[in-house]
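First comes the structure, then the notes that go with it.
The values are calculated or read from the model by the stated rules, or taken from the named source; none is laboratory data. These numbers were taken from a predicted model, which means no experiment stands behind them. Glycine gets a Cβ as well: all are built from the backbone with ideal geometry, and neighbour counts include every protein chain shown. Side chains are part of the model used for accessible areas, which takes the heavy atoms of the whole protein and leaves out ligands, DNA and RNA. Shrake-Rupley method; radii C 1.70, N 1.55, O 1.52, S 1.80 Å.
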Amino acid sequence: MSKTALVTGASEGIGFEFAKQLAKNGYTVTLVARRESKLKEVIQTLGVSHSYLVADLASSAGQKTIEDEVLKNHYDLLVNNAGVGSVGKFTNVEIEKQLAMIQLNCAALVRLSHAYLKSAKSGDALINVSSTLAFMPAPGLGLYSATKAFVTSFSESLWYENKDRGVYVMGLCPGITSTNFQVNAGGNASDVPTNLAQTPEALVKYALKELRSRSKPTVISGASNFLMASLTRMMPRKATVKMMGKVMMKSTSPH
């Protein structure tokens with residue numbers, strides 16, 4: 001009997017790559033995203049044995065739909081990947097857009113994690129996709145980095161709470177990844193340093209390797225990302241903020 005996985009934000013980018021590699025590794029995958037047309041395209045790529053659910057996880061109704069699914073059907077793996085960013089100074093971005101980000105990046109992840117872990121069995125696993133920006137403030141992308149700091153800290157606590165029952169929780173922290181994130185967040189694709197970007201394929205391959213070892217609560221993908229995360233945690237906080245401000249305010253200018 002094949003293992004089962006549910007992946008949110010699975011219509012493109014990192015979520016799509018998780019779906020592809022999990023299917024290749026023998027999982028039967030249920031994909032979640034808000035655009036049915038994109039989900040149908042992914043299913044055509046994966047094959048008819050896989051399925052999808054349409055839900056906008058920034059809404060309470062969408063969260064309830066997937067929460068009910070997780071409570072009703074057992075999954076060997078849940079990948080909480082759905083997330084969004086919004087570039088620009090905090091006061092220049094509409095507050096409703098910012099609050100929707102919190103709903104998607106934090107509230108949906110908490111709600112689905114709670115539903116999943118309540119009935120998880122030994123051997124099951126939960127991957128919460130965070131970011132290396134969890135370890136540093138990011139002026140120009142400040143609320144996004146704050147939501148990811150929340151996800152990382154929360155996931156580390158869940159790892160400890162569940163390890164003795166044989167349920168593994170990973171906080172996955174990618175760095176710059178070759179996806180549409182920057183454009184979707186309202187920034188410019190040209191601002192992303194391609195020489196530093198990791199491919200979704202490499203990121204997910206590394207994440208699944210760490211999933212098999214089940215040894216770390218927090219997984220930082222890529223040596224340069226690990227070095228940056230470690231460096232900023234050792235620097236004085238003011239120096240970190242000033243350094244990140246100079247970098248981020250240049251690379252998060254809106255169209």
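Annotations for the structure displayed:
- Test for VAL7: is it within 13 Å of the chain's Cα centre (by Cα) and β-branched (Val, Ile, Thr): yes
- Checked against (1) closer than 22 Å to GLY142 by Cα; (2) among the aromatic types (Phe, Trp, Tyr); (3) out of contact with any Leu (no Cβ under 8 Å at 6 or more places or on another chain), PHE18 passes all but a single condition, namely (1).
- Subset of the stretch 20-71 (residues that are among the charged types (D, E, K, R) and assigned to a loop (DSSP other than H, G, I, E, B)): ARG34, ARG35, ASP56
- Note on the stretch 31-60: residues that are in contact with a Phe, Trp or Tyr (Cβ under 7 Å, 6 or more places away or on another chain) and more than 19 Å from VAL110 (Cα to Cα) amount to 3.
- Checking the stated criteria, GLU94 turns out to be acidic (Asp, Glu) and surrounded by fewer than 16 Cβ atoms within 10 Å (Cβ to Cβ).
- Qualifying residues in the stretch 221-255 (those that are open to solvent by less than 20 Å² (accessible area, probe 1.4 Å) and either hydroxyl-bearing (Ser, Thr, Tyr) or within 21 Å of VAL7 (Cβ to Cβ) (or both)) - the one modelled with the lowest pLDDT: THR252
- Pairing each residue of the stretch 57-73 that is touching a residue at least 40 places away in the same chain (Cβ under 8 Å) and farther than 12 Å from SER113 by Cβ with any residue that is in a helix (DSSP H, G or I) and not aromatic (Phe, Trp, Tyr), provided the two are 6+ apart or on different chains, yields C-beta distances under 6 Å for LEU57/GLN63; LEU57/LEU104; LEU57/ALA108; ALA58/ALA100; ALA58/GLN103; ALA58/LEU104; LEU71/ALA115.
- Unmet requirement for ASN128, which otherwise passes all of (1) touching a Ser or Thr at 6+ places or on another chain (Cβ under 6 Å); (2) of a type outside the set (Lys, Arg); (3) part of a helix (DSSP H, G or I): (3)
- Number of positions in the stretch 72-115 that are assigned to a helix (DSSP H, G or I), more than 24 Å from SER145 (Cβ to Cβ) and among the hydrophobic types (A, V, I, L, M, F, W, C): 1
- Within the stretch 188-209, if we keep just the residues that are farther than 21 Å from THR232 by Cβ and open to solvent by less than 30 Å² (accessible area, probe 1.4 Å), the residue that is modelled with the lowest pLDDT turns out to be PRO200.
- Within the stretch 58-96, the set of residues being more than 25 Å from GLY142 (Cβ to Cβ) and charged (D, E, K, R) comprises LYS64, GLU67, ASP68, GLU69, LYS72, ASP76.
- Answer residue from the stretch 78-91, given it is open to solvent by 30 Å² or more (accessible area, probe 1.4 Å) and either in contact (Cβ under 8 Å) with a residue 12 or more places away in the chain or among the aromatic types (Phe, Trp, Tyr) (or both) and is farthest from LEU117 (Cα to Cα) among those: LYS89
- Number of residues in the stretch 125-164 that are charged (D, E, K, R), open to solvent by 20 Å² or more (accessible area, probe 1.4 Å) and in contact with a Leu (Cβ under 9 Å, 6 or more places away or on another chain) equals 1.
- Residues of the stretch 97-124 satisfying the condition of being under 15 Å from the mean Cα position of the chain (by Cα) and open to solvent by less than 60 Å² (accessible area, probe 1.4 Å): MET101, LEU104, ASN105, CYS106, ALA107, ALA108, LEU109, VAL110, LEU112, SER113
- Within the stretch 1-55, the set of residues being crowded, with 19+ Cβ neighbours inside 10 Å and among the acidic types (Asp, Glu) comprises GLU17 only.
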